[in-house]
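Take a look at the structure set out below.
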Amino acid sequence: MTNNEQPTPSHMLDLKEWSKDNALNIFRTADEMSQILGRTIKKVPALQGFTVANLFFENSTRTKLSFERAAKALSADVMNFSASSSSLSKGESLKDTLRTLDAMQADLYIVRHGVSGAPYQLQKWTNAAIVNAGDGRRAHPTQALLDAFTFRTSFPNFDGFGGKKLVIVGDLMHSRVVRSNVELWTKLGAQVTLCGPNSLVPPALAAFEGVERNLNLAEAVEGAHAVMAVRIQHERMQKGLFPSLAEYRMRYQLNEKIMERAHPDALVMHPGPMNRDIEISGSLADSERSVIEKQVANGIPIRMAVLYTLLVGRKKS
Ligand code: CP
């Protein structure tokens, strides 16, 4: 199923370690997974005998459920761990928690954690593969893959990411989705423009090659092929970083009027969960241009492709 010229990494902790060719191979594998999901019986035995553990220390709807759905479509066994109902509350350490699941022969962990770098730490304590399902503000690699895959599959005559313009608007400061998307889309050859209040656009992100920063949304969106709004993450803000929600809406809300400045075929994206009528107008989110639900649906073939790529042929120690 894969056509690798470059070695495939053993984990998906961050997209830094994944080359452009590696990412394109994931897309090609996801195309095949999409075909499986289009059949009457949406299940194949490709990962029969493997066990995947969902290790979520932070809440999730889309990522957790689509990884579970993806693993089951490939016939892997799935163990679901939720921090709030686990023995962590009795004082068990993270390392002992992982060793407990290792003793139950997990082959791959899908990890979401509020601390940036937590999946790297877990990787040192196990021989199993690790997939980062979101760590703090740092990375959410499968989200970026499914976002780019959605863009790739939304145009009938798609001719590559080169020359395409993605605009990301919103709370860029606290978003791991933005970091991973900037990493991936620039690697694929797209031009990325970041937009948001000055206090929410980290200079380090704007310094990436292929990335522009424009604090004026109407100007930023000019000629864009896709515009992605990201959520205001109140839960990660230590203090107010913009004057008021009313002003934020007025200057940075993605809506139909702003989208008139984009390319006529431009897509509206949002990784979810949405604050409807704050960072994006509800009517735009529900419009013909919106591929938000398609992004959710594409989470399944992309995550099937990631699980398949990491587990098949993996050397057991
Ligand atoms: N996009 C995303 O990561 O959503 P969840 O938090 O629901 O998994």
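Results for (1) more than 16 Å from the ligand (Cβ to nearest atom); (2) farther than 20 Å from THR142 by Cβ; (3) in contact (Cβ under 8 Å) with a residue 60 or more places away in the chain, shown as yes or no for each residue.
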| residue | (1), (2), (3) |
| --- | --- |
| ALA30 | yes, no, yes |
| GLN35 | yes, no, no |
| GLY49 | yes, yes, no |
| LEU65 | no, no, no |
| PHE81 | no, no, no |
Exercise for the section: Mind listing just one residue for me: the one in the stretch 121-143 that is within 14 Å of LEU15 (Cβ to Cβ) and assigned to a loop (DSSP other than H, G, I, E, B) and, of those, farthest from the ligand (Cβ to nearest atom)? Expected result: ARG138
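Identify, from the list LEU47, LEU55, the residue that is over 20 Å from the mean Cα position of the chain (by Cα) and open to solvent by less than 50 Å² (accessible area, probe 1.4 Å).
Working: LEU55 fails: over 20 Å from the mean Cα position of the chain (by Cα).
Of the residues listed, the single one that is over 20 Å from the mean Cα position of the chain (by Cα) and open to solvent by less than 50 Å² (accessible area, probe 1.4 Å) is LEU47.
How many residues does the stretch 265-283 contain that are farther than 18 Å from THR193 by Cβ and either touching a strand residue (DSSP E or B) at 6+ places or on another chain (Cβ under 7 Å) or part of a loop (DSSP other than H, G, I, E, B) (or both)?
The initial filter retains those residues of the stretch 265-283 that are farther than 18 Å from THR193 by Cβ, namely 272-278, 281-283.
So of that shortlist, the ones also either touching a strand residue (DSSP E or B) at 6+ places or on another chain (Cβ under 7 Å) or part of a loop (DSSP other than H, G, I, E, B) (or both) come out as 272-275, 277-278, 281-282.
Here the count works out to 8.
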Problem - Residue list for the stretch 100-132, filter: hydrophobic (A, V, I, L, M, F, W, C) and surrounded by fewer than 19 Cβ atoms within 10 Å (Cβ to Cβ) - result: LEU101, ALA103, MET104, VAL115, TRP125
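The values are calculated or read from the model by the stated rules, or taken from the named source; none is laboratory data. In this text, all values refer to a predicted model and were calculated from it rather than measured experimentally. Ideal geometry is used to build each Cβ from the backbone, glycine not excepted, and the neighbour counts take in all protein chains shown. Accessible surface is based on the protein model in full, side chains and every heavy atom, while ligands, DNA and RNA are left aside. Shrake-Rupley method; radii C 1.70, N 1.55, O 1.52, S 1.80 Å.
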